[in-house]
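Here the structure is laid out as structure tokens; the discussion comes afterwards.
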Amino acid sequence: MNLKLPDKLLVLMKISGKTTVYGVIGDPIEHTLSPLMHASAIEKMGIDAVYVPFHVRPDELEHAIKGIKALGVGGLNVTVPHKTRVMDYLDNLTDEAKAVGAVNTVINHDGVLTGDNTDVYGFTRCLFVDGGLERFPKRVYVIGAGGAARGVVYACAKSDEVSEVVVINRTLSKAEKLAEELSAVTGSHISAMPAIEETFSGMLSDAELLINTTSVGMYPQVEHSPVPYPEVFHEGQVVCDIIYNPSETRLLRDAASHGAKVVGGLAMLAYQGARSLSLWTGMEAPAEVMLDVLKQEFGQ
Ligand code: ATR
């Protein structure tokens with residue numbers, strides 16, 4: 001008899017006493033794309049593991065983290081709103097996690113929990129692989145000064161090729177604070193500018209690399225752009241948006257139509273995930289498989 005079982009059931013049937021559990025914690029968690037991309041990668045790698053979402057409310061975070069030690073969960077991704085507070089409950093932090101002040105990956109090695117920030121790696125890889133960048137330019141422009149900006153600014157500032165990172169933000173004081181903090185950590189020159197027309201028209205004409213880390217343009221406000229002056233874009237630029245929904249934002253459409261090379265947030269999402277899976281398993285995770293499944297999900 002040829003039984004046709006739903007995919008989910010087939011996955012469950014493969015679980016044994018030796019299966020390693022990985023997962024993601026967040027609040028909310030129901031829209032996470034991580035199980036989709038990790039399940040595809042786990043299947044491709046042929047390893048005995050599952051990846052599950054855990055809805056963890058803020059007041060349960062400490063119990064949840066202690067619980068992964070007790071349960072022997074192999075590793076976790078950490079998403080909003082736990083990325084900073086989770087640091088209080090871990091045994092070690094990598095330099096990236098300390099500098100960025102946020103953890104998106106917890107590795108459980110024999111009961112010792114290490115917090116890392118693989119967004120830094122994911123961002124850099126997407127610029128060099130998908131953006132076709134061969135080296136960082138001397139000056140990099142980052143729009144936004146929130147949590148997501150910190151990883152991006154850190155990744156750029158710690159590169160020897162970069163002599164200045166310019167943080168452009170609606171609220172100038174936040175950009176100044178971020179610039180001061182990450183200058184101290186990286187020893188690099190980081191400056192702050194207000195997100196006003198003069199900044200964009202004056203500075204972006206010579207910009208080789210610009211990255212949006214704000215939520216401007218994210219679904220459902222898909223017609224908004226953090227740079228509402230499309231004439232500043234030109235050939236020879238790389239413009240990156242860490243937003244992945246929509247996979248092509250208004251910013252990227254404007255930049256591409258003026259000849260700039262554009263990189264969307266799906267690649268960064270896939271590469272940070274692949275890095276987490278590599279850290280947990282000690283094996284190279286198939287980043288391209290993870291990116292492909294995300295692209296399919298977004299109808300690309
Ligand atoms: P995240 O952790 O995703 O980075 P965040 O910490 O809330 O989220 O930061 C959001 C970023 O998007 C900030 O830089 C914010 O600018 P302000 O510091 O001025 O608040 C920026 N942002 C959000 N909505 C914006 C809007 N409508 N126009 C311009 N910037 C916006």
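The values are calculated or read from the model by the stated rules, or taken from the named source; none is laboratory data. Fair warning: this is a prediction, and the values are worked out from it, not measured in the lab. We place every Cβ from the backbone using ideal geometry, glycine too, and count neighbours over all the protein chains shown. Only protein heavy atoms, including side chains, enter the accessible area calculation; ligands, DNA and RNA are left aside. Shrake-Rupley method; radii C 1.70, N 1.55, O 1.52, S 1.80 Å.
Results, tabulated for the structure shown:
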item	result
Residue selected from region 211-269 under the condition farther than 17 Å from Glu297 by Cβ and of a type in the set (Ser, Thr, Tyr), by the criterion farthest from the ligand (Cβ to nearest atom)	Ser257
Subset tally (residues that are within 13 Å of the ligand (Cβ to nearest atom), in contact (Cβ under 8 Å) with a residue 60 or more places away in the chain and open to solvent by 20 Å² or more (accessible area, probe 1.4 Å)) for region 148-204	1
Any hit, region 224-237, residues being at pLDDT 95 or above, surrounded by fewer than 22 Cβ atoms within 10 Å (Cβ to Cβ) and part of a strand (DSSP E or B)	no
Candidates Val78, Val86 - the one that is within 20 Å of Ala287 (Cα to Cα) and open to solvent by less than 50 Å² (accessible area, probe 1.4 Å)	Val78
Any hit, region 121-139, residues being in contact (Cβ under 8 Å) with a residue 24 or more places away in the chain, part of a loop (DSSP other than H, G, I, E, B), farther than 20 Å from Phe200 by Cα and of a type in the set (Asp, Glu)	yes
Some residue of region 157-179 being more than 24 Å from Leu133 (Cα to Cα) and in a strand (DSSP E or B)	yes
Pairs where the first residue, in region 251-267, is over 7 Å from Val239 (Cβ atoms) and the second is among the charged types (D, E, K, R) and assigned to a helix (DSSP H, G or I), C-beta under 8 Å, 6+ apart	His258/Glu231; Leu266/Lys295; Ala267/Arg125
Given (1) within 16 Å of the ligand (Cβ to nearest atom); (2) open to solvent by 10 Å² or more (accessible area, probe 1.4 Å); (3) in contact (Cβ under 8 Å) with a residue 12 or more places away in the chain; (4) assigned to a helix (DSSP H, G or I), index of the condition Ala145 fails	(4)
Residue check, Gly67 more than 27 Å from Thr19 (Cα to Cα) and open to solvent by less than 60 Å² (accessible area, probe 1.4 Å)	no
